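A short worksheet on the structure shown next.
The values are calculated or read from the model by the stated rules, or taken from the named source; none is laboratory data. Source: prediction; values computed, not measured. Every residue, glycine among them, receives a Cβ derived from its backbone with ideal geometry; neighbour counts consider all protein chains shown.
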Amino acid sequence: MGMPLRPNTVEGDHMTERHTALRSMHDLGLAAWFGGSLMGAFGVNGAAARMNDSTQRLPMASAGWARWTPVNAAAIGAHLAGAVGELVTESPRVVAQAGVGRASTVKTALTVSALAVTGYSRLLGMKLEKAGNAPVEGTTEPNGQTPSNVASCQRQMKALQWAIPALTGALIVVTAYMGEQQKPGEVFRGMLGRVGMAGSPKGIGRIAAMSAARNRKRMSWSGR
């Protein structure tokens with residue numbers, strides 16, 4: 001999966017442990033990012049819309065989102081740190097295995113889009129916080145008495161609240177696909193595709209070297 005490691009060395013152990021930590025940061029951060037945005041859209045905004053007093057709906061939803069924001073920021077930071085670390089440790093496969101580079105590009109594009117939408121949504125949320133006790137139909141739905149500037153923010157937020165879980169959900173799917181690419185059979189087929197069906201002695205030697213390194217790594221772990 002990552003760079004070939006020398007068996008039974010402290011350096012190899014350290015790199016393997018760090019890779020596990022990076023995966024955990026990546027997955028837990030993304031799970032919180034996705035789950036929090038989905039719960040907020042359904043739970044926080046939905047619950048606030050059921051309040052009888054229309055002037056308390058925005059303050060109630062804003063309070064909930066404000067409490068979640070620091071946790072969400074930490075989750076996103078953990079995810080990004082893990083994603084960058086994984087990209088570095090998996091860089092040999094990006095070069096050697098066909099399809100990995102393309103999947104990494106798609107994942108990067110989704111991440112940038114999710115970050116942009118999340119950041120802009122937070123800016124809109126801060127504007128809605130400043131709206132105070134403006135009467136509204138729901139957190140993202142104005143009524144006839146809602147000020148025009150508040151209604152404009154709400155209409156944008158109505159679309160963005162679903163865009164975030166859609167983008168982060170797509171990230172989860174792409175991550176699962178990239179995990180499938182790390183299976184030995186997929187790695188071997190991808191490397192064959194990269195060297196043109198192993199048509200050259202150099203390509204065959206490259207595959208053999210990486211396979212040998214992978215086998216030595218497995219043997220070193222099985223002997224512990």
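When Tyr120 is tested against the conditions (1) touching a Leu at 6+ places or on another chain (Cβ under 9 Å); (2) more than 15 Å from Gly169 (Cα to Cα); (3) at pLDDT below 95, the lone failure is (3).
The residue that is farthest from His19 (Cα to Cα), counting only those in segment 81-95 that are crowded, with 17+ Cβ neighbours inside 10 Å and either free of Cβ contacts under 8 Å to residues at least 12 places away in the same chain or not hydroxyl-bearing (Ser, Thr, Tyr) (or both), is Arg93. Checking each residue of segment 186-198 against the condition of being among the β-branched types (Val, Ile, Thr) and either farther than 30 Å from Arg67 by Cα or at pLDDT below 90 (or both) gives at least one match. Residue count for segment 61-82 satisfying the condition of being more than 27 Å from Lys107 (Cα to Cα) and of a type outside the set (Gly, Ala, Ser): 1. Determine whether Ala75 is surrounded by 15 or more Cβ atoms within 10 Å (Cβ to Cβ), over 22 Å from Val44 (Cα atoms), in contact (Cβ under 8 Å) with a residue 12 or more places away in the chain and in contact with a helix residue (DSSP H, G or I) (Cβ under 6 Å, 6 or more places away or on another chain). Here the answer is no, as Ala75 does not meet what is asked. Kindly indicate which of Ser113, Ser121, Ser62, Ser104 is part of a helix (DSSP H, G or I), of a type in the set (S, T, N, Q) and more than 19 Å from the chain's Cα centre (by Cα). Sole residue among the options that is part of a helix (DSSP H, G or I), of a type in the set (S, T, N, Q) and more than 19 Å from the chain's Cα centre (by Cα): Ser62. Residues considered: Thr105, Thr139. Of these, the only one that is at pLDDT 60 or above and surrounded by 15 or more Cβ atoms within 10 Å (Cβ to Cβ) is Thr139.
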